[in-house]
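Undergrad: Next up is a structure, given as C-alpha cells.
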Amino acid sequence: MKHTLAVLVENRPGVLTHISGLISRRAFNIESIAAGYTEEPDTTRITIVVEGDEIEQEQVVNQLSKLVDVIKISDLTAVESIHRELALIKVKASIETRSDIINIVEIFRAKIVDVNRETMVIELSGDETKIDALCQVLKEDHGIIEIVRTGKIALSRGPIPAKDQ
Amino acid sequence: MIMTGAEAIIESLKNENVDVVFGYPGGAVLTLYDALYQANFRHILTKHEQGAVHAADGYARATGKVGVVIATSGPGAANLVTGIATAYMDSIPLVAITGQVAVSLIGRDSFQEADIRGITTPITKHNYLVKKVEDLPRVLKEAFYIARTGRPGPVVVDVAKDVFAAAVDYQYPQEVKLRGYHPLFAGNLETINKVFEELKLAQRPLIFVGGGVNLSNSAEALRELVDQTGFPVIASLMGLGSLPFDHPQFLGMVGMHGTYAANMATTKCDLLLGIGVRFDDRVTGLLSEFAAKAKVVHFDIDPAEINKNVRADLRVVGDLNWSLPALLERVKHVSGEFKKQVRSWIEEVLAWQREKPLTYESDAKLVMPQAVIEKVSRLTRGEGVIVTDVGQHQMWVAQYYGFKNPRSFLTSGGLGTMGYGLPAALGAQCGLPDQKVILFVGDGGVMMNCQELATAANYNFPVKVLIFNNQTLGMVAQWQRMFYGGRYSHTSLKGNTDFVKLAEAMGVTGLRVTKPEELDRVLEEALATPGPVVVDIQTPEIVDVLPMVPAGARLDQMIMGGSEE
C-alpha cells in the first residue's frame, strides 16, 4: 500500500543529498518526492510517497528519522488529509482541435496557460488519478508532447499541523 | 576571544576533553597543523591516512571516548573512507576533521579537491562542510555530541582551507540545539512489563548479546540479568567480552562460525532476547528459518534496527543502561522461579556444549593457529586488549580466546576490513598505555597496512603483533575449497616476504615460530619484550574454520568437521 509522509527537515545545504542518499542506499521504493519552503524559514517540507508493506513503511520512517536534519515525520495516510499534485501538460493543438481540448479542460476544471499555433499548455491540479485521467484522454485524442508533474503534496485537515502530530 | 578557525578547533578539542588526535598533514590543513604545533597538542602521525582513521577507531573502542582523526583534502580525506565505513558499521564514535579546498575553489575540480561530504554521506552518522568560520564552534560541538550519544557513529567535519585562517570570536556553545536529533535514554516502561510477562511464559529462553552491550558499557547489568534469570546466553562477534567466556550459562558465539550449542539453542529456543544486536546475516543464516520457533524480543537504542532484518514480537527501544536495570528490577524478585523454569532447557543446551565442543585437529609437527590463541589466552588470563584483523584468525580468536572483560576485543565486525588490525591496535595502545595490547593478524591483512609498524616503532607502542603466516588468504581459500572446487584463484600469498626482517627494518623486534616446540618460549619472550614485537608464526596452509554454516543455510545445518564427517 501507499503511504504519504510529511517530512519536516532543516532548511540547510546538503539535506536533500542526505535524504536521497538514504533512500537509494536502503533501496526504498519511493514513488514521488516533493520539497519546498514552509511557514518557517528554517524548515523545508518534503512530501514522500512510499510504496510497500507496513514493515517497509516503518523502515522508511525509522531510517529517515535517524537523519540529524530530519525534524519530524508524520504519516498523512493515517489522518484525514488533502492530497494534490500539479501537472503542466503540453498537448498538440491545431485550430481544428482546439475547441475539443477546451471542452475537456473545462470538464476537468483545468486551466489553459499557453496557446500557440501548434500546441496548448494545460495546468491541472488535483489528485493523482484525476491527472492520470486527463493525460489519458489528451494522449489518445490529441497527442501529448511533454508532461511535467510536481509529485504529490499533502496537508492534514483540521487545526493540528504536521509538526505537532 | 578572537582567534583563527584552526585555533578554534584546538580549543574545541580541549573542551571535548580530547587528549590525542591521529592524522596526516597536507596542503589544505597546513594552518590546522600549525595550530597543533603551536598548541603542542598531542598528535600521532601515522604513515597513511587509513592507518590514522583505524587508529582513532581502535582508540575509541578501547577507551569508550570519541576518536579524532585529521586528514587533508582530496586524497587525504578519501583515504579515510574505509576507516569511516568500518566505524559506521560497528557504531564507533569518531570525529574526522578534513581539510577542503578554499571556499572560492570548491566545485571547480581544484587541486586536491574531492566532495568528501558527498562521498561519506552513506557511511556517516552525520557530516558537515564548514564554509563560514563562525559556524565552526557550533559544528564541532554538534559533531562530538552526535558521534558519542544515542547509537554512536562517525561524523565528518569538512573545513574549507580559508576557514582555518579566518578570525572568529570564539565561544564554545554550552549546549547543542538540534531540532532533529534527540537521542533516547529511557523508553516505554510498559514494554519492559510485557517482556517480563513473556519471560515467565518461556520454557526455552535464550539471551543473545550484541555489540550494543560493549558500546553502552552495560555489561554489568547484563551479567546480573544472566545470573538472576539463569537463562543460557549466546553472543555475536561484537558481543564477546560482555560475559566472561567461562560463565556456566555462556554457549559462545552464534552464527556462521558459531558453536554447535549456540546455533542449536537459537534454532530450538522459544524466546530470544536480542540485546543490542542487529541480526546481521552472518548471525542469522537463512533469515526465514532464524529462531523460527521463538518469540523475538529486541532491545536496542536505535528504533530503525527493529524489524530491519528479523521481525520482533516485542521491542524495547532505549538505552540498555535504562532497559536492563528496569527489567532486572522485576526479575530479581522471582529469580528462583526463573531458574526452576529453565532447568531442563539448561540441561539440554549444556549437553550440546558437552557433546560437541569446539575442536580442531592437531598435529605434533604443526603450529595450529587455534593452539596459539589458546596459549596466548592462558598467558594473558583473558586480560588486556585483543585486536584482530579479518579472516580465519579473527574467527578463531572469537572461538578460542577466553575473553573476560567488555571492550577487550577490537575487531572489524560489520565491514570486515582487512588492514584494520595493526593501526587499530596502535590506537588502542595509545589510549590504554598500561594495558597489554595483542594483535592477531594474517599474513594477508598485515601487509595491507604494514607501514604502521614504523608508527609502532616511532612511538614505541608496545603492541605484540602475532602474524598467522599460512602463506595464503585463508578465509577466501577456505570458501574456494568448499564452494569453488578447490580452484585457488589468487589466494596464494607465497612469496619471499620475511616478516622478521620487515619488522626489523621498521624498528620493531622480530621473532619467529616455525615448530610447535618453539611456541611457548617465543610467545613468552614476545610478551616479555618491551616495545613493539612482531612474531611470524608459521601455521599450516590448509585449516578450516569450523563449524561453518554455509551462507544462506539454516543455523543448525553446520559443517562440523573433525570426526563428525
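Undergrad: Name the single residue that is nearest to residue B:535 (Cα to Cα) among those in the stretch B:442-488 being in a helix (DSSP H, G or I) and of a type in the set (Phe, Trp, Tyr).
TA: Our first condition is that a residue be in a helix (DSSP H, G or I); within the stretch B:442-488, this holds for B:443-448, B:452-459, B:474-483.
Now narrow it down to the ones that are of a type in the set (Phe, Trp, Tyr): B:459, B:479, B:483.
Details: B:459: 19, B:479: 27, B:483: 32 Å.
Result: B:459.
Undergrad: Return the only residue of B:117, B:61, B:138 being within 14 Å of chain A (Cβ to nearest Cβ) and under 30 Å from residue B:277 (Cα atoms). Break it down stepwise before answering.
TA: Numbers: B:61 fails: within 14 Å of chain A (Cβ to nearest Cβ); B:138 fails: under 30 Å from residue B:277 (Cα atoms).
Answer to the selection: B:117.
Undergrad: So residue A:116 clears everything in (1) surrounded by fewer than 18 Cβ atoms within 10 Å (Cβ to Cβ); (2) over 17 Å from the mean Cα position of the chain (by Cα); (3) under 26 Å from residue B:307 (Cα atoms) except one condition, right? Which one?
TA: Result: residue A:116 fails condition (3) only.
Undergrad: Related question: I'd like to know if the stretch A:50-57 contains one or more residues that are away from every other protein chain (no Cβ under 12 Å) and either surrounded by fewer than 15 Cβ atoms within 10 Å (Cβ to Cβ) or assigned to a strand (DSSP E or B) (or both).
TA: Step one: filter the stretch A:50-57 for residues away from every other protein chain (no Cβ under 12 Å), giving A:50-52.
After this cut, where a residue has to be either surrounded by fewer than 15 Cβ atoms within 10 Å (Cβ to Cβ) or assigned to a strand (DSSP E or B) (or both) as well, the list is A:50-51.
Scanning the stretch A:50-57 turns up at least one residue that is away from every other protein chain (no Cβ under 12 Å) and either surrounded by fewer than 15 Cβ atoms within 10 Å (Cβ to Cβ) or assigned to a strand (DSSP E or B) (or both).
Undergrad: Report every pair of residues separated by at least 6 positions or lying on different chains whose Cβ atoms are under 6 Å apart, first residue within the stretch A:123-137 and under 13 Å from residue A:151 (Cα atoms), second β-branched (Val, Ile, Thr).
TA: A:124/A:131
Undergrad: Scan the stretch B:12-30 for residues that are charged (D, E, K, R) and in contact with a Phe, Trp or Tyr (Cβ under 6 Å, 6 or more places away or on another chain) and jot them down. Walk me through how you get there before you give the answer.
TA: Kept after step one, since they are charged (D, E, K, R), are these residues of the stretch B:12-30: B:14, B:16, B:19.
Selection gives B:16 alone.
Undergrad: Among the listed residues A:77, A:47, identify the single one that is away from every other protein chain (no Cβ under 14 Å), buried (at least 18 other Cβ atoms within 10 Å of the Cβ) and closer than 16 Å to residue A:163 by Cα.
TA: Numbers: A:77 fails: buried (at least 18 other Cβ atoms within 10 Å of the Cβ).
Answer to the selection: A:47.
Undergrad: So, in the stretch B:148-180, how many residues would count as being outside any helix (DSSP H, G or I), in contact (Cβ under 8 Å) with a residue 40 or more places away in the chain and within 14 Å of chain A (Cβ to nearest Cβ)?
TA: Looking only at that region, the number is 10.
Undergrad: Continuing with the same structure: Tell me which residues, restricted to the stretch B:308-334, are surrounded by fewer than 18 Cβ atoms within 10 Å (Cβ to Cβ), charged (D, E, K, R), within 18 Å of residue B:224 (Cβ to Cβ) and at pLDDT 95 or above.
TA: Of everything in the stretch B:308-334, those that are surrounded by fewer than 18 Cβ atoms within 10 Å (Cβ to Cβ), charged (D, E, K, R), within 18 Å of residue B:224 (Cβ to Cβ) and at pLDDT 95 or above turn out to be B:329, B:330.
Undergrad: Which one is farthest from the other protein chains (Cβ to nearest Cβ), of the residues in the stretch A:21-39 that are in contact (Cβ under 8 Å) with a residue 12 or more places away in the chain and exposed (fewer than 15 other Cβ atoms within 10 Å of the Cβ)?
TA: Per the stated criteria, the residue is A:36.
Undergrad: Next up: With the condition being under 21 Å from residue B:355 (Cα atoms) and either of a type outside the set (Gly, Ala, Ser) or away from every other protein chain (no Cβ under 14 Å) (or both), I'd like the strands (runs of 3 or more DSSP E) fully within the stretch B:207-326 carrying at least 3 qualifying residues. Give the derivation first.
TA: Numbers: elements: B:233-235, B:250-253, B:271-275, B:295-300, B:314-317.
In the stretch B:207-326, B:233-235, B:250-253 are the strands (runs of 3 or more DSSP E) which contain 3 or more residues that are under 21 Å from residue B:355 (Cα atoms) and either of a type outside the set (Gly, Ala, Ser) or away from every other protein chain (no Cβ under 14 Å) (or both).
Undergrad: I need every pair where a residue in the stretch B:349-363 that is at negative phi has its Cβ under 7 Å from the Cβ of a residue that is of a type outside the set (Gly, Ala, Ser) and assigned to a loop (DSSP other than H, G, I, E, B), sequence separation at least 6 or different chains.
TA: That search, which allows pairs on different chains as well, returns B:349/B:232; B:356/B:560; B:358/B:259; B:360/B:368; B:362/B:368.
Undergrad: Being facing chain B (nearest Cβ under 9 Å) and over 16 Å from residue B:125 (Cα atoms) narrows it down to one residue among A:72, A:2, A:92, A:66; which is it? Explain how you work it out, then say what you get.
TA: Values: A:2 fails: facing chain B (nearest Cβ under 9 Å); A:92 fails: facing chain B (nearest Cβ under 9 Å); A:66 fails: over 16 Å from residue B:125 (Cα atoms).
After applying the criteria, what remains is A:72.
Undergrad: Looking at (1) within 32 Å of the chain's Cα centre (by Cα); (2) modelled with pLDDT of 95 or more; (3) hydroxyl-bearing (Ser, Thr, Tyr), find the lone condition where residue B:362 falls short.
TA: Result: residue B:362 passes all but (2).
Undergrad: Residue A:123 fails exactly one of the following numbered conditions: (1) out of contact with any Lys or Arg (no Cβ under 9 Å at 6 or more places or on another chain); (2) closer than 18 Å to residue A:137 by Cα; (3) at pLDDT 95 or above. What is the number of that condition?
TA: Tallying (1) out of contact with any Lys or Arg (no Cβ under 9 Å at 6 or more places or on another chain); (2) closer than 18 Å to residue A:137 by Cα; (3) at pLDDT 95 or above, residue A:123 fails exactly one: (1).
Undergrad: Do you know which of the residues in the stretch A:5-20 that are in a loop (DSSP other than H, G, I, E, B) and facing another protein chain (nearest Cβ under 10 Å) is surrounded by the most Cβ atoms within 10 Å (Cβ to Cβ)? Steps first, please.
TA: Initial filter on the stretch A:5-20 (in a loop (DSSP other than H, G, I, E, B)): A:11-14.
Filter again for facing another protein chain (nearest Cβ under 10 Å), leaving A:12-14.
On the way: A:12: 12, A:13: 11, A:14: 17.
Per the criteria, the residue is A:14.
The values are calculated or read from the model by the stated rules, or taken from the named source; none is laboratory data. Nothing here was measured: the structure is a model prediction, and the numbers come from that model. Note: ideal-geometry Cβ built from the backbone for every residue, glycine included; neighbour counts use all protein chains shown.
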